[in-house]
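In what follows, a single structure is set out as structure tokens and then discussed.
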Amino acid sequence: MKVLKLIAVGVILLVSSSIHAQISVNVNIGTPPAWGPVGYANVEYYYLPDVEAYYDIRATQFIYFGGGKWTRSRYLPGHYRNYDLYNGYKVVLNDYHGSRPYTHYHDHKRKYYKGYKGKPQKNYRDDRHDYDDRDHDHDNHKSKGNNGHGNGNGHGNGHGKH
């Protein structure tokens, strides 16, 4: 009888922690990244013209073309590891709902070319608090951009977490 009670308690604890874990995961789905532009609550994707890639907000993944196919990843490809997601322009794709925004890639690439800047954007959160505005030396700013403190290096900031 004692063994049955222990098994029952174990099953209840296992089920309750599974339910709790599921709730925690679902709460975070669809949360815009810290570097995402403010003011777009129901959007699913951003197009990043400078890196010719998409960001899937719900899946918290980048989508980019490489190796002859479209790839989904938590991080940007290695050659964009120093890309500044906070300062880079994000085109909000509020007119697309589906799983393959890249079906319109040629239109997006033509309309939103590398270096494209639309309306000014404010990010949800600006974690670059370690940047000293008095420091205008380009080399110092660049080196600070590689320290992993919210400068969108593609590793650690791609999904809005550090």
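Quick notes
- Gain in span if fully extended, Arg125 to Ser73, counting 0.36 nm per residue against the direct Cα distance: 16.5 nm
- As a rough footprinting exposure proxy, the listed residues Thr60, Thr103 were ranked by other beta carbons within 10 Å of their own, and the order from fewest upward is Thr103, Thr60.
- Extension gain (nm, one decimal) between Asn82 and Arg100, 0.36 nm per residue minus Cα-Cα: 3.9 nm
We did not get these values from a lab; they are worked out from the coordinates using the rules stated. The structure displayed is predicted, hence computed values, not measured ones. No Cβ is skipped: glycine too gets one built from the backbone with ideal geometry, and neighbour counts run over all protein chains shown.
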